[in-house]
Amino acid sequence: MLRIVVVLAGLTSLVGAAVAHHGWGSYDAGKPVTVAGAILTSKFENPHATITVRGNDKVWTVTLAPTSRMVSRGATEKVVAVGRDISAYGYPSTVDRDEMRAERITVDGKTYEMR
Amino acid sequence: MIDEAHAIFVALEQSHFAYAIRQSVWLYPAANIGHIVFLFLFASAVAVMDVCLLGGLAATAPARLITRARGLAVAALAGMLLSGLILFSAEAGHLAVNPVFQLKLGLIAAGVVNIALYELLAKRELLKIAPGAPMPTRARIAGLLSLLIWVGVAACGRAIAYF
């Protein structure tokens, strides 16, 4: 019985430590942004493809979709390759000011849905 | 000390192994699906054992019920460890500092401690109990804790993506 109490006390302190770390990492759908410019880096990887784009104001990290979805929508590795011009519409991160999550991207006049 | 520990996870994330996982179109999703399927099997087996410890399913002798469910639980847990290692490696540096992931690992540790306490303190008595006989209090506590802990682990697993 005593040991069970010790386990419960340990659990409670774990919860406390975890909550103290930081809050929700989410995206602000109320302030959509469009980032247009050249792709500087491209990682066609799971769990999400990510690119960096030189926008008007700064270099944005743009989080795209899982690679299998990218491929099935036609947004292959070549479409989001380094050097290509892209326009990404999406929502800025509330945690990292330079990151946004793309709802859709447009490359060479063609639009690809990411969700 | 914490930085040094974190460097290990960053190194894992940058390893060829983790790179191959991220590059593969199917491996990460397959591990993701596998993790959920193994969770489902694990939760089923654990639920049978915990409900038994709480006094349910009393028509069958506890020893018989628990021995059968245990094999499935252990196999499913092994599958979750393997698929979980694949998922973790791909993003090790980030996950290691994710508060919900840390909580999840803490809960898993608590679940294992709960199993060990059950083995040490309740199992011998329990295996002799006849069908329909009342469960000892320590067995009920172990069953209730197990249910709460593993449901918490599952909830944390889903919540990692939101922190």
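The values are calculated or read from the model by the stated rules, or taken from the named source; none is laboratory data. Here the structure is a predicted model, which means the values were calculated and not measured. Virtual Cβ from ideal backbone geometry, glycine too; neighbours counted across all protein chains shown. For the accessible areas, the whole protein counts, side chains as well, though only heavy atoms, and no ligand, DNA or RNA atoms are used. Shrake-Rupley method; radii C 1.70, N 1.55, O 1.52, S 1.80 Å.
Some points to look at:
- Contacts under 7 angstrom Cβ, first residue in the stretch B:8-31 being in contact (Cβ under 8 Å) with a residue 12 or more places away in the chain, partner surrounded by 15 or more Cβ atoms within 10 Å (Cβ to Cβ) and not in a helix (DSSP H, G or I), 6 or more apart: B:Phe9/B:Ala96; B:Glu13/B:Glu91; B:Arg22/A:Glu45; B:Arg22/A:Asn46; B:Tyr28/A:Asn46; B:Tyr28/A:Pro47
- If you filter the stretch A:21-59 down to residues that are under 23 Å from B:Val100 (Cα atoms) and open to solvent by 60 Å² or more (accessible area, probe 1.4 Å), you find that the one that is modelled with the highest pLDDT is A:His48.
- Of all residues in the stretch B:73-85, none that is free of Cβ contacts under 8 Å to residues at least 60 places away in the same chain has its Cβ atom under 7 Å from the Cβ atom of a residue that is among the hydroxyl-bearing types (Ser, Thr, Tyr) and surrounded by fewer than 19 Cβ atoms within 10 Å (Cβ to Cβ), 6 or more apart or on another chain.
- When restricted to residues that are farther than 19 Å from B:Arg138 by Cα and surrounded by fewer than 16 Cβ atoms within 10 Å (Cβ to Cβ), the stretch B:38-63 contains 4.
- Members of the stretch B:104-136 found to be facing chain A (nearest Cβ under 9 Å) and either open to solvent by less than 30 Å² (accessible area, probe 1.4 Å) or in contact with a Pro (Cβ under 8 Å, 6 or more places away or on another chain) (or both), listed by number: B:Gly106, B:Leu107, B:Ala110, B:Asn114, B:Leu117
- Being closer than 28 Å to B:Asp3 by Cα and either aliphatic (A, V, I, L, M) or touching a strand residue (DSSP E or B) at 6+ places or on another chain (Cβ under 8 Å) (or both) holds for only one residue in B:Ala90, B:Ala122, B:Ala59, and it is B:Ala90.
- Here is the figure for the stretch B:1-16: residues that are within 14 Å of chain A (Cβ to nearest Cβ) and open to solvent by 50 Å² or more (accessible area, probe 1.4 Å) total 4.
- All of (1) open to solvent by 30 Å² or more (accessible area, probe 1.4 Å); (2) under 30 Å from B:His16 (Cα atoms); (3) within 14 Å of chain A (Cβ to nearest Cβ) hold for B:Ala154 with one exception: (3).
- Checked against the criterion of being without any contact (Cβ under 8 Å) to a residue 40 or more places away in the chain, open to solvent by 40 Å² or more (accessible area, probe 1.4 Å) and either under 30 Å from B:Phe101 (Cα atoms) or outside any loop (DSSP other than H, G, I, E, B) (or both), the stretch A:71-91 has at least one qualifying residue.
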